[in-house]
Amino acid sequence: MALSLDQRPGKIVAARRCNDNAVVYLAPGGSWEENPAFARIVTKPADQQRLLRIAHADAENRLVFHPHLADEAKTDEAKTNAAKQA
């Protein structure tokens, strides 16, 4: 059974920051944030791949390492941020 676009789980890009090994999340504008509530949330596979390409470029520039897709955070703060991105 396929999920409708509104039911697809959102994905974020997570990685480790090179200078302090902190877990960080790719935010709108290409910055990396420690708080997952500020992560850019995408549902479409093409958008997920686009964000991964951005993250891998940052990995090549040694800003982060091990970038990967992760499920979006389910906190109220994350939901509010996602609504603002829409």
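Among residues of the range 40-61 being of a type outside the set (D, E, K, R) and under 16 Å from R8 (Cβ atoms), the one that is surrounded by the fewest Cβ atoms within 10 Å (Cβ to Cβ) is A46. Counting only strands (runs of 3 or more DSSP E) wholly contained in the chain, the ones carrying 2 or more residues that are modelled with pLDDT of 95 or more and of a type in the set (K, R) occupy 11-17. Residue pairs whose Cβ atoms lie under 8 Å apart, sitting 6 or more positions apart in sequence or on different chains, and linking a residue in the range 51-67 that is under 18 Å from G29 (Cβ atoms) to a partner that is modelled with pLDDT of 95 or more and acidic (D, E), are V64/D58; P67/D58.
The values are calculated or read from the model by the stated rules, or taken from the named source; none is laboratory data. Bear in mind that the values here come from a model prediction, so they are computed numbers and not experimental data. Cβ coordinates were reconstructed from backbone atoms using ideal geometry, including for glycine residues, and neighbour counts include every protein chain displayed.
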